[in-house]
Amino acid sequence: MTDIIRLTAADTAAKIATGELTAVQVAEAHLARIEAVDEKVHAFLHVDREGALEQARAVDAKRERGEPLGPLAGVPIALKDLFTTEGIPTTVGSKILEGWIPPYDATVTRRLKEAGLVVLGKTNMDEFAMGSSTENSAYGPTGNPWDLTRVPGGSGGGSSAAIASYQAPLAMGTDTGGSIRQPAAVTGTVGVKPTYGGVSRYGMVAFSSSLDQGGPCARTVLDAALLHEAIGGHDPLDSTSIDAPVPPVVEAARSGSVEGMRVGVVKQFRGEGYQAGVVQRFDESVELLRELGAEVVEVDCPSFDLALSAYYLIAPSECSSNLARFDAMRYGLRVGDDGTRSAEEVTALTRAAGFGDEVKRRVMLGTYALSSGYYDAYYGSAQKVRTLIARDFERVFEQADVLVSPTTPTTAFAIGERADDPMAMYLADLCTIPANLAGNAAMSLPCGLAPEDGLPVGLQIIAPAMRDERLYKVGAAVEAAFVERWGHPLLEEAPSL
Amino acid sequence: MPGITREEVAHLARLARLELKPEELDHFAGQLDDIINAVARVSDVADQDVPPTSHPLPLTNVMRPDEVRPSLTPQQALSGAPAEEQQRFKVPQILGEE
C-alpha cells in the first residue's frame, strides 16, 4: 500500500493502463492513507469514499471492456473546496456555505471526471481563498506535513498538504495572488498558475474575478503538466476563457532543457524581509541554471515594488462585489429570520455570523476603495499600477525567455504567528502577485531546504502569457538536476507522519 | 492621505451589510487603518498619464449563440434555499409595513 501512494500520477496511470494495478486498489490505498494520517494533517474537509470507489470501478470496467483510457485515468485527485461538485458539499472554507450541496459541477470537476480521474474529496483552504496560511478556514487550520506546528501556506494549504503527505498524487488549487505557488513552495511540492484564462473559472466560487485562476498541484513537474492538459482549454461557459489550444505543456515537461534559454533574475525580489536560507537556495538555483546551459541576466521591474499595494486594493474591491451574492436569500446560511426582521437586517446578521475576520476586512476594504471620493486615489491608481507592471513584464520578456525568483520570502511560518497581523500575512505573496496582476503563467517547484530550519524553499518561474510550456521545459530540467544532486526527490526528506 | 476612523468603519460595515459588534469595530478600525496606510503608496502613480488595466485579457463583449439549452430545474435551483414556498425563494420582508 505504501508503494502505491508514493507513485507519481504518471506511473500510477501507466500501471492502471497495463493492469498491474486497478483503479480501485489505487483509490483504496489513498483512502486508507487519508484515514491513517488526516486526523493529524487536516488537509480534507470532506472525503467522498463511496463516490471515489464508484469512479474507480468505472475506470476498471472501461479497461476491461478494452476501451481507451486517458493519460490520467484512475488517478486520485483532491479538489480545493471552491470547485463546485454536484452532490458533494462545497464550503469554500466558510461557515456561510456550510452544508451547501452544489447542483452542478465546475468545468474543472467535469473535465476531471471525464478524463477518468478519481475525486477523493475536498481540501481545506483559507475562507474564500483569502489568506496565505489556511488559518482563515472556518473549519480549523491544516498542518504542514514537514512540521505540523507550521502552516502549509494558503489559501490552498489543504491541497498542497494532501499531496505532500501522500494522501493524493494530484490536487487542484486556485491562485489569485499566489494561493497555488506559495503553498507548493512551503510544502516542497509543485504548483502552477496557468496563464489567466487558460483554465475555466466556471464553477469556481469567485473571489477576485480578474485574478483568480485554477491550476495543478502535484509532486512532479510532469504530473502537473498532465493535470494542466486535462483541465485546460476553452470553455464557452467562462467568457474570460482563452479560445486557443492548451500550450504544449506535457511535451515540454518530457523534454526539459534550459540550453540556450535566457533566464531573467528579477532585481526587485530580494533584500529586506527575505530569509537567508531562501536567498541561499535561490542563488544556488540560478547557478544551477547557468551550469545547465542557460544565459542568466538580471532584469529590472521597478513597478513590482507597488504590486502588493495594488493587489490589496484590486482583490478586495472585486471581492466586495463578488461576495455581495451571499445575501442569505437563495442559498447558504440564514440567520435571524424570526419574522420581525427585514431582509436587509437578516442579510447583515447572516454575513456577520457567516464570514470570518479576514473576509470582513477585505469586503470593507474593497467597499472603501470603490467608494466615491476614494475611487480614483485607490482603485484607479491600483489599475494604473497594473498597467505599469504589465509593461515591466513586456519589456523584460524581450531580454529573457523566463523569469525566476524565490516563490516566497520565507519558509513556512508557525501556526498562529501572523494570524492577527494582516500586513505580515500579506507579505507572503510578495513575489507571486505580479504574475496575477499581469495574467502571466508561473510555477513553483522545490529547490532545497533552508539550512536554518530544514524547511522547503520554492523556486518560482514566470513565463509570458500563453507560453506556459516554458515553465515546464525549465521546471523539468531544474527538477531532474536537483533530484540527481540530492539522490532522491526532496519530499523523501519529509518526516513520516 | 487621511487614515480611517471608527465611524467610517461603521459606515463601511453598513454599506457592506455586516452587522458588527462595537468591539469588532475597534478591532477592524485599527487593522484597516494599517492596511490602508500601507497600500496608499499606489497613489504615487495617480498623476501619471497611464491607462488603467481592469483585466489581463483584452476581451470585450464575449457572446455565445442565443440558443435554448438545458438549465437547472426549479428543484435544483431551490435545493440550497434557506426557505421556499410555491417553487420560489421565500425571503423576509423587503418593504415597510405601509
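The values are calculated or read from the model by the stated rules, or taken from the named source; none is laboratory data. Because the structure is predicted, anything quoted here is derived from the model rather than measured. Glycine also receives a Cβ, built like all others from the backbone with ideal geometry; neighbour counts cover every protein chain displayed.
Remarks
- Taking the criterion of being within 7 Å of chain B (Cβ to nearest Cβ) and over 30 Å from A:Gly475 (Cβ atoms), the residues of region A:379-411 that qualify are A:Gly380, A:Ser381, A:Ala382, A:Gln383, A:Lys384.
- Hits in region A:341-361 (condition: under 18 Å from B:Asp33 (Cα atoms) and more than 7 Å from chain B (Cβ to nearest Cβ)): A:Asp357, A:Glu358, A:Val359
- Flag: A:Ala27 does not match the condition of being more than 19 Å from the chain's Cα centre (by Cα) and surrounded by fewer than 23 Cβ atoms within 10 Å (Cβ to Cβ).
Yes or no, residue by residue, for (1) at pLDDT below 95; (2) away from chain B (no Cβ under 11 Å); (3) under 25 Å from A:Gly131 (Cα atoms):
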| residue | (1), (2), (3) |
| --- | --- |
| A:Ser285 | no, yes, no |
| A:Glu291 | no, yes, no |
| A:Leu306 | no, no, yes |
| A:Phe326 | no, no, yes |
| A:Leu333 | no, no, yes |
| A:Gly339 | yes, no, no |
| A:Val363 | no, no, yes |
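- A:Pro446 vs. criteria within 24 Å of A:Gly198 (Cβ to Cβ), within 14 Å of another protein chain (Cβ to nearest Cβ) and touching a residue at least 60 places away in the same chain (Cβ under 8 Å): no
- Members of region B:37-47 that are of a type outside the set (D, E, K, R) and more than 7 Å from chain A (Cβ to nearest Cβ): B:Asn37, B:Ala40
- Number of residues in region A:315-324 that are under 21 Å from the mean Cα position of the chain (by Cα) and either at the interface with chain B (Cβ under 9 Å from one of its Cβ atoms) or more than 15 Å from A:Lys384 (Cα to Cα) (or both) equals 5.
- Only one entry in A:Ala477, A:Ala465, A:Ala481 is over 12 Å from A:Leu445 (Cβ atoms) and in the same structural domain as A:Ser165 (by TED's automatic domain parsing), namely A:Ala465.
- Condition check for A:Glu452: farther than 15 Å from A:Val190 by Cα, charged (D, E, K, R) and outside any helix (DSSP H, G or I): yes
- Boolean, A:Ala244 is buried (at least 24 other Cβ atoms within 10 Å of the Cβ) and of a type in the set (Gly, Ala, Ser): no
- Top-ranked residue in region B:1-36 [being more than 7 Å from every other protein chain (Cβ to nearest Cβ) and among the small types (Gly, Ala, Ser); ranked as nearest to the chain's Cα centre (by Cα)]: B:Ala10
- Checking each residue in region A:28-52 for being over 23 Å from A:Thr91 (Cβ atoms) and either in contact with a helix residue (DSSP H, G or I) (Cβ under 7 Å, 6 or more places away or on another chain) or among the aliphatic types (A, V, I, L, M) (or both) picks out A:Ala29, A:Ala32, A:Ala36.
- So A:Ala343, is it out of contact with any strand residue (DSSP E or B) (no Cβ under 8 Å at 6 or more places or on another chain) and either surrounded by 23 or more Cβ atoms within 10 Å (Cβ to Cβ) or more than 26 Å from A:Leu430 (Cα to Cα) (or both): no
- In summary, A:Gly214 fulfils each of the numbered conditions (1) surrounded by fewer than 18 Cβ atoms within 10 Å (Cβ to Cβ); (2) away from chain B (no Cβ under 14 Å); (3) closer than 30 Å to A:Gln383 by Cβ; (4) touching a residue at least 40 places away in the same chain (Cβ under 8 Å) with the single exception of condition (1).
- Total residues in region A:200-211, condition aromatic (Phe, Trp, Tyr) and surrounded by fewer than 24 Cβ atoms within 10 Å (Cβ to Cβ): 1
- Of the helices (runs of 4 or more DSSP H) lying entirely inside region B:1-86, those containing at least 2 residues that are surrounded by 12 or more Cβ atoms within 10 Å (Cβ to Cβ) and in contact with a helix residue (DSSP H, G or I) (Cβ under 8 Å, 6 or more places away or on another chain) span B:6-15, B:22-39.
- When A:Thr408, A:Thr432 are checked against the criterion of being of a type in the set (Val, Ile, Thr), under 20 Å from A:Leu227 (Cβ atoms) and in contact (Cβ under 8 Å) with a residue 40 or more places away in the chain, A:Thr432 stands alone in meeting it.
- Some residue of region A:177-193 being surrounded by fewer than 23 Cβ atoms within 10 Å (Cβ to Cβ) and not polar (S, T, N, Q): no
- Applying the set (1) hydrophobic (A, V, I, L, M, F, W, C); (2) surrounded by fewer than 18 Cβ atoms within 10 Å (Cβ to Cβ); (3) closer than 27 Å to A:Glu251 by Cα to A:Ala73 leaves exactly one unmet item: (2).
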